[in-house]
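The values are calculated or read from the model by the stated rules, or taken from the named source; none is laboratory data. Here the structure is a predicted model, which means the values were calculated and not measured. Every residue, glycine among them, receives a Cβ derived from its backbone with ideal geometry; neighbour counts consider all protein chains shown. With ligands, DNA and RNA removed, areas are computed over all heavy atoms of the protein, side chains included. Shrake-Rupley method; radii C 1.70, N 1.55, O 1.52, S 1.80 Å.
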Amino acid sequence: MKEFNPNYLDFEQPLLEIEGRIKQIKNDPEKTAKADAKITKLDKEHSELTRKIFGNLTDWQISQLARHPLRPYTLDYIPNLFSSFTELHGDRMFGDDAALICGIAKIDEHNFMFIGHQKGRDAKEKVKRNFGMPKPEGYRKALRVMKLAEKFGLPVVTFIDTPGAYPGIDAESRNQSQAIAENLYIMSNLKVPVISIIIGEGGSGGALAIGISDKLGMLENSIYSVISPEGCASILWKDSKKAEQAADALCITAPKLVKFNLVDLIIPEPLGGAHRDYSAMTSSLKMNLISMLEDLKDTDIDEILYKRKEKISSYGKFERS
Amino acid sequence: MSWLDKILPSRIRAEKENKGSVPEGLWHKCLNCDTVIYRAEFEKNLNVCPKCNNHGRISARTRADIILDAEDRIEIFDNIMPVDMLNFKDKEKYKDKLLSTQKKTGEKDAMLVFKGNINKIPAIVCIFEYSFFGGSMGSVVGEKFSLAVKKCIEEKKPLVCFSASGGARMQESLFSLFQMAKTSAALNDLSQKGLPYISVLTDPTMGGVSASLAMLGDINIGEPNALIGFAGPRVIEQTVGEKLPDGFQRSEFLQDHGAIDFILDRNNQKAKLAEIISSLMSNYSSERISK
Ligand SMILES: [Zn+2]
């Protein structure tokens with residue numbers, strides 16, 4: 001009987017099977033001379049199969065990858081991506097929200113302020129990070145850090161990875177709506193360059209609240225949506241099992257959003273997805289981030305602001321009668 | 001049969017069994033306290049129950065009649081029409097649903113914009129039409145709101161918005177989410193010009209509309225007992241797994257928690273809006289702003 005491994009999605013299971021066979025050969029104490037050859041053959045089979053599976057992903061499969069249990073989160077990138085990082089806690093008003101990581105960061109010679117969602121890997125960490133769903137104090141901490149960036153003339157870099165802003169009694173009592181709205185209002189005119197990257201799940205207003213930017217990038221297998229495919233399916237189809245159709249209808253993948261001019265660039269992931277090779281993913285992210293920082297570095301801030309406003313006011317499709 | 005049922009016309013009795021719907025015709029039964037009054041009397045009282053002060057939902061055009069002077073009032077930007085740019089289809093095509101909703105409501109989309117006067121005070125007024133896709137914000141709402149802001153800046157006029165919306169329009173996907181950015185950015189422009197923005201939040205104001213233009217008023221006003229919030233009560237109940245406190249996410253709750261400036265009965269809105277705007281504009285000069 002095959003063992004169920006929650007760290008492999010259904011369409012990744014065939015890869016797990018080959019990996020199991022390779023492991024078996026490697027662990028065999030009486031390794032024959034043929035073992036190495038067998039492993040080489042299986043490795044080749046594995047990468048061919050990976051290429052086949054990942055060469056033709058559906059939007060629903062990409063949604064699953066964006067929320068893969070092994071997908072690198074903000075804190076998995078920070079140590080290898082940044083040459084220095086100092087975390088800043090709290091909104092100075094109510095508390096500290098662990099679902100949003102903020103701080104002073106550096107890559108090579110580039111200094112900037114950083115804001116990123118953090119989901120949490122194991123059960124305990126998930127609770128601590130509230131599954132990456134910020135409350136108003138999280139968004140207000142982010143706003144505080146954006147204002148610091150403006151004061152000291154540093155760019156802002158944000159990593160987006162959230163199912164959405166937290167829907168809870170406490171969050172509503174402290175005015176979740178206002179916290180999000182205020183960030184949109186300030187970010188639209190923040191007088192420093194802003195770069196946002198969707199690293200996993202771009203969940204609605206909770207994502208946008210740290211996402212108004214001059215350059216918006218998406219990792220290859222990330223998603224950005226007004227509502228989760230499941231949520232959309234249960235409202236419009238009255239059936240949450242129609243999530244696969246909803247994912248497709250909502251146009252939430254990077255290639256589609258680039259086509260609609262809502263997203264600027266796609267950041268490639270290693271074969272098999274970001275979770276298969278953290279170090280390759282970090283390198284790809286680093287290269288793209290540096291090039292975005294360099295692009296914006298020498299541009300006059302008035303020009304950046306003008307372009308940002310033009311871009312924001314161009315959002316939307318309608319007709320004139 | 002209760003005493004009330006006995007005196008009710010049979011048609012309203014049937015409506016009562018058909019829970020939640022408003023009886024059509026001569027009589028109106030309050031959705032909150034069940035008081036039955038003549039429809040004409042109810043409408044004369046601006047769809048507010050005289051017994052319990054429950055504010056019933058009203059159409060955007062009725063709202064315009066209540067708030068704006070009849071003289072010199074014109075609808076503007078009514079040429080902006082929705083398009084189905086994604087060929088979105090759930091159980092039915094978005095394109096078809098747009099057409100049938102336009103036919104049913106007589107409106108092109110979920111927002112109307114007027115240029116006119118409130119007790120002789122000039123203003124640009126945006127009003128959400130809740131019966132059009134639940135007042136949801138898509139590209140048309142975002143564009144009309146942004147154009148309204150531009151008009152305010154051009155003509156040095158204040159902006160008033162009456163929101164009634166379930167949030168972003170799912171059928172327009174990320175385009176609708178980004179209208180939150182578009183409307184908030186427009187309001188930043190308006191603010192820089194020193195022109196007032198009064199946001200009146202009516203039942204219901206939720207999701208992407210609450211978390212953008214509706215909460216960004218210089219003055220935020222709630223209609224009595226309006227449901228206002230980011231997440232819907234059902235979603236919250238499912239997430240936290242407990243029953244929500246009484247009055248949660250209602251205007252009175254929001255005022256208690258510091259989210260809105262005050263609550264204003266529909267009957268007093270016209271006079272109060274005129275009074276506030278004339279105070280806020282009393283020292284307005286474009287020279288002062290440009291300094
Ligand atoms: Zn009543």
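Key figures
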{"item": "Exclusive hit being on the phi > 0 side of the Ramachandran plot and open to solvent by 10 Å² or more (accessible area, probe 1.4 Å), set B:Asn47, B:Asn79", "result": "B:Asn47"}
{"item": "Selection count where residues are assigned to a loop (DSSP other than H, G, I, E, B) and away from the ligand (no atom under 16 Å from the Cβ), scope segment B:36-67", "result": "1"}
{"item": "Positions within segment A:180-200 being open to solvent by less than 30 Å² (accessible area, probe 1.4 Å), under 28 Å from B:Leu254 (Cβ atoms) and either of a type in the set (Lys, Arg) or in contact with a Leu (Cβ under 8 Å, 6 or more places away or on another chain) (or both), in sequence order", "result": "A:Ile180, A:Ala181, A:Asn183, A:Leu184, A:Asn189"}
{"item": "B:Gly208 vs. criteria at the interface with another protein chain (Cβ under 8 Å from one of its Cβ atoms) and either in contact with a Gly (Cβ under 8 Å, 6 or more places away or on another chain) or open to solvent by 10 Å² or more (accessible area, probe 1.4 Å) (or both)", "result": "yes"}
{"item": "Looking only at segment B:111-145, and only at residues there that are in a loop (DSSP other than H, G, I, E, B) and touching a Leu at 6+ places or on another chain (Cβ under 9 Å), the one that is surrounded by the most Cβ atoms within 10 Å (Cβ to Cβ)", "result": "B:Glu129"}
{"item": "Single residue of segment B:150-165 satisfying the filter (closer than 23 Å to B:Ser59 by Cβ and not hydrophobic (A, V, I, L, M, F, W, C)) that is most open to solvent (accessible area, probe 1.4 Å)", "result": "B:Lys151"}
{"item": "Pairs where the first residue, in segment B:51-68, is within 14 Å of B:Glu129 (Cβ to Cβ) and free of Cβ contacts under 8 Å to residues at least 24 places away in the same chain and the second is more than 15 Å from the ligand (Cβ to nearest atom) and of a type in the set (Asp, Glu), C-beta under 9 Å, 6+ apart", "result": "none"}
{"item": "Residue within segment A:204-219 that is at the interface with chain B (Cβ under 7 Å from one of its Cβ atoms), touching a His at 6+ places or on another chain (Cβ under 8 Å) and part of a loop (DSSP other than H, G, I, E, B) present", "result": "no"}
{"item": "Selected residue (criterion: nearest to the chain's Cα centre (by Cα)) from residues of segment A:248-277 that are within 16 Å of A:His68 (Cα to Cα) and assigned to a helix (DSSP H, G or I)", "result": "A:Ala274"}
{"item": "Hey, B:Ile80 more than 14 Å from the chain's Cα centre (by Cα), within 14 Å of chain A (Cβ to nearest Cβ) and more than 26 Å from B:Ile121 (Cα to Cα) or not", "result": "yes"}
{"item": "Qualifying residue in segment B:84-100 (condition: within 28 Å of B:Ile276 (Cβ to Cβ), among the hydroxyl-bearing types (Ser, Thr, Tyr) and either within 15 Å of the chain's Cα centre (by Cα) or within 11 Å of chain A (Cβ to nearest Cβ) (or both))", "result": "no"}
{"item": "Subset of segment B:9-22 (residues that are within 15 Å of the ligand (Cβ to nearest atom), open to solvent by less than 60 Å² (accessible area, probe 1.4 Å) and modelled with pLDDT under 50)", "result": "B:Ile12"}
{"item": "Hits in segment B:244-271 (condition: free of Cβ contacts under 8 Å to residues at least 24 places away in the same chain and open to solvent by 50 Å² or more (accessible area, probe 1.4 Å))", "result": "B:Pro245, B:Asp246, B:Asp256, B:His257, B:Gly258, B:Asn268"}
{"item": "Failed criterion for B:Gly194 (all others in (1) outside any helix (DSSP H, G or I); (2) away from chain A (no Cβ under 11 Å); (3) open to solvent by less than 10 Å² (accessible area, probe 1.4 Å) hold)", "result": "(3)"}
{"item": "Enumeration of residues in segment A:60-108 that are more than 24 Å from A:Met146 (Cβ to Cβ), open to solvent by 20 Å² or more (accessible area, probe 1.4 Å) and in contact with an Asp or Glu (Cβ under 8 Å, 6 or more places away or on another chain)", "result": "A:Trp60, A:Arg67"}
{"item": "Verdict on B:Asp72 being at positive phi and in the same structural domain as B:Leu216 (by TED's automatic domain parsing)", "result": "yes"}
{"item": "Residue tally, condition touching a helix residue (DSSP H, G or I) at 6+ places or on another chain (Cβ under 6 Å) and more than 7 Å from every other protein chain (Cβ to nearest Cβ), over segment A:251-260", "result": "1"}
{"item": "Any hit, segment A:169-187, residues being among the small types (Gly, Ala, Ser), assigned to a loop (DSSP other than H, G, I, E, B), in contact with a helix residue (DSSP H, G or I) (Cβ under 7 Å, 6 or more places away or on another chain) and within 13 Å of chain B (Cβ to nearest Cβ)", "result": "no"}
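Let's see how each residue does on (1) open to solvent by 70 Å² or more (accessible area, probe 1.4 Å); (2) within 13 Å of chain B (Cβ to nearest Cβ); (3) touching a strand residue (DSSP E or B) at 6+ places or on another chain (Cβ under 6 Å):
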position: A:Trp237; (1), (2), (3): no, yes, no
position: A:Ala249; (1), (2), (3): no, yes, no
position: A:Leu262; (1), (2), (3): no, yes, no
position: A:Arg276; (1), (2), (3): yes, no, no
position: A:Thr282; (1), (2), (3): no, no, no
position: A:Met287; (1), (2), (3): yes, no, no
position: A:Arg308; (1), (2), (3): no, yes, no
